[in-house]
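Quick note: the coordinates plus some simple rules give every number you see, no bench work behind them. All figures in this text were calculated on a predicted structure; none of them were measured in a lab. Every residue, glycine among them, receives a Cβ derived from its backbone with ideal geometry; neighbour counts consider all protein chains shown.
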Ligand SMILES: NC(=O)C1=CN([C@@H]2O[C@H](COP(=O)(O)OP(=O)(O)OC[C@H]3O[C@@H](n4cnc5c(N)ncnc54)[C@H](OP(=O)(O)O)[C@@H]3O)[C@@H](O)[C@H]2O)C=CC1
Ligand SMILES: CC(=O)N[C@@H](CCC(=O)OP(=O)(O)O)C(=O)O
């Protein structure tokens, strides 16, 4: 769909200088139905996008200057929608201000992903900044919530690890094919997952040619993973999740295992995945024995999923790969934006 310059959706990115913000810039500057009217950064305010990121030099729109993250200034550009690529806690306040000014908000932070403010406090260590807004937000996993996204004003884009774990698991949990209490998810993430912040443990010499588990046993993403699995199962689900940092810029590979329920034919796994994602343009099923590989999905909105059954242990193995900045963040948020504005889901998201 190409709406033409007069009808393009005026859009803002708040926090456009960070890693997910840069990915949003790349996608939205090239999106046929979007006119980028504002991009914020406190550190880069006043400089053109192409001055800060010379990779955008020849792109139309890249002369736009960064502005301060001031809700009045953002609304004054005429934007109808804003993507928030801000730290947790900061996003909630700006979301509230932009919603009041009539913008639709797609938030990439965790501020609106959880339905229960007490769970937010348990996992994020502070009170939720705007608990009264939680009921209005839609957990924006497009393959699962397209109907709700269409009606939303506030979309909470899922976390990178949860996307890689939930998409393979949800159809199986929903159909009762696996014992949800036995789920164990092991993920490996590139370093950009941690954002663009000064942290000694993320320096090149600390990460390169090395791999380590972290955030065990209670990484904050467990909260949204368990929330969504519990909704699908119709009962409380608690799982084990072990994230690892690996020395690549971006990409997440996840292997999730769970016991097949007694009496279930293992081939029902492949059938459930195929039925769930028959019309999902960004879920690529690799079939039985398919081992997903991050190099096939980096800089795209695809998630690749393979599966197999281990007869010796009775465990189902699900292998997925995505880009944490793509399907795990920026491009997934654009996919939700496309649905929200009645565009074709794939607009602006073909291989870039
Ligand atoms: N990295 C990833 O793979 C993923 C990240 N996310 C989430 O997306 C959000 C952004 O992440 P990421 O891009 O990695 O983060 P970065 O740290 O790379 O970028 C943060 C951005 O927010 C701006 N910012 C920081 N503090 C403030 C503030 N107090 N007020 C206004 N602007 C501020 C920064 O610009 P400046 O300081 O110049 O204002 C920068 O543009 C986070 O909530 C993160 O959890 C979600 C999925 C995956
Ligand atoms: C490698 C790495 O550090 N990854 C981040 C996850 C990034 C992300 O998706 O998280 P939110 O959107 O919930 O912040 C982490 O483990 O905290």
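Give the angle, between 0 and 90 degrees and rounded to the nearest 10, that separates the Cα long axis of helix 90-100 from the longest principal axis of the Cα atoms of the chain.
The angle comes out near 60 degrees.
If you fit an axis through the alpha-carbon atoms of helix 160-174 and take the longest principal axis of the Cα set of the chain, what angle between them do you get, 0 to 90°, nearest 10?
Tilt of helix 160-174: around 40 degrees.
Quick one: length gained pulling residue 42 to residue 135 fully straight, 0.36 nm per residue minus the C-alpha distance?
Between residue 42 and residue 135, full extension yields 30.4 nm more.
Any chance you could get the radius of gyration and Dmax over the Cα atoms of the chain, in Å?
19.8, 64
Over the residues of region 1-75, compute the C-alpha Rg and express it relative to 2.2 N^0.38 Å.
1.03
Rank these for me by crowding, 153, 350, 221, 128, going from fewest to most other beta carbons within 10 Å.
Working: 153 14, 350 10, 221 24, 128 21.
Ordered by Cβ neighbours within 10 Å, fewest first: 350, 153, 128, 221.
Taking neighbour counts of Cβ atoms within 10 Å as a proxy for exposure, in what order, fewest first, do 52, 334 appear?
In increasing order of surrounding Cβ atoms, one gets 52, 334.
Tell me, what is the Rg over Rh of region 283-352, with Rh the Kirkwood radius over Cα pairs?
Numbers: Rg = 14.5 Å, Rh = 13.1 Å.
Answer for region 283-352: 1.11.
Could you identify which residue out of 304, 107, 70 has the top mean-square fluctuation in a GNM of the chain using Cα springs shorter than 10 Å?
Result: 70 has the largest fluctuation of those listed.
For the chain, what is the mean residue ellipticity at 222 nm derived from helices alone (per DSSP H run of n ≥ 4: -39500 (n - 2.57); sum divided by total residues; nearest 500 deg cm²/dmol)?
Dividing the helical sum by the residues of the chain leaves -8500 deg cm²/dmol.
Students often get this wrong: which residues of region 220-242 have the backbone nitrogen under 16 Å from the point 7 angstrom along Cα-to-C-beta of residue 310?
Output list for this probe position: 240-242.
Among 347, 265, what is the fewest-to-most ranking by other Cβ atoms within 10 Å?
265, 347
Can you tell me the order of 12-22, 110-120 when each peptide is scored by its average per-residue count of other Cβ atoms within 10 angstrom, highest first?
So the order, starting with the most tightly packed, is 12-22, 110-120.
Residue separation times 0.36 nm, minus the C-alpha to C-alpha distance between residue 201 and residue 213: what's the value?
Gain on stretching residue 201 to residue 213: 3.1 nm.
Contour minus end-to-end for residue 299 and residue 280, with contour as 0.36 nm per residue of separation and end-to-end as the Cα-Cα distance?
5.0 nm
In whole Å, what are the extents of region 165-253 along the principal axes defined by its C-alpha atoms, from largest to smallest?
Sorted largest first, the three principal extents are 45, 19, 18 Å.
What is the percent of Cα-Cα separations in region 161-322 that go past 20 Å?
More than 20 Å apart: 50 percent of the Cα pairs in region 161-322.
For region 6-133, what does the convex hull of the Cα positions come to per residue, in cubic angstrom?
105
Can you give the angle from 0 to 90° between the axis of helix 330-340 and the longest principal axis of the chain, with both taken from C-alpha atoms, to the nearest 10?
80
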